[in-house]
């Protein structure tokens, strides 16, 4: 008997979850269909854009992701404490980037005077929106529904695009978290699509090695699809790697980025009979393939989040001096 998601997701037990969604009948609706030879590769970028933008709106951090031809994986960290620090206006701004919202919310945003009854109503609405912006089910709803709608529009058809809502798996230990992230990042290699992590398109490991996510193009594409027309928030980077002892104020994945990449490279070289691909043993180590001196890589890995955030930070408007 299936159980509701609220019974499967408990932040008190663990904030980390592995989420999977598959296309209906497991057909290649996000890649190249081997039966019809139709190319759906552009839809994989739709999913990546949507994941990254939704993470910036929700109090949910993305640890790892991989978008394949007929399914995708995400490893997320739920962070409800983050939403508690948002101002009411910030909650409205985030929610109305996804949905239009009632007229009362727009009046509140514009600073119109409201009656005590209206203020009480908007407070209740904001409380509901704040809770939804911390919820994994709402995150997945806002991710899968628009993708399915746009794909059906492109195919001029109706019906299911995803075979079910989604599947979630709690990651209760650090070992489970790391092994799941490595499994997700190695999906294209195990599927025989590529030989190297740095060449694994639509994966978090490629983004961590060489950030290629273009926020401007992502928002432009989402606007074309009728979504995020009011998106005006800075892009949230992937959840950083941090030392759990020294970075208590800003905890991330409890591992160093350099060690994680070496773990991905080492694991990918293991040949498995139940998988099609692996990293060839003839290839040099990952850090050596990146052609970076150890000192340069160490500096880059330690300042990755600052550099990545600076790439997409909106310039502040200068105040005019009277």
Point to revise | C-alpha center-to-center spacing [the range 46-79, the range 259-290] in angstrom | key: 24 Å
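Taking the range 36-183, how much of its Cα-Cα pair set, in percent, is spaced more than 24 angstrom apart?
Cα-Cα pairs of the range 36-183 separated by over 24 Å account for 45 percent.
Using a/c under 1.5 as the rounded threshold, could you call the range 84-132 rounded, prolate or oblate? The axes a ≥ b ≥ c are square roots of the C-alpha gyration tensor eigenvalues, and prolate needs a/b larger than b/c, oblate otherwise.
On the way: a/c = 1.69, a/b = 1.35, b/c = 1.26.
It is prolate, given that a/c is not under 1.5 and a/b is the larger ratio.
Here, each number is a calculation from the coordinates, and none is a lab measurement. This is a predicted model, so every value here is computed, not measured.
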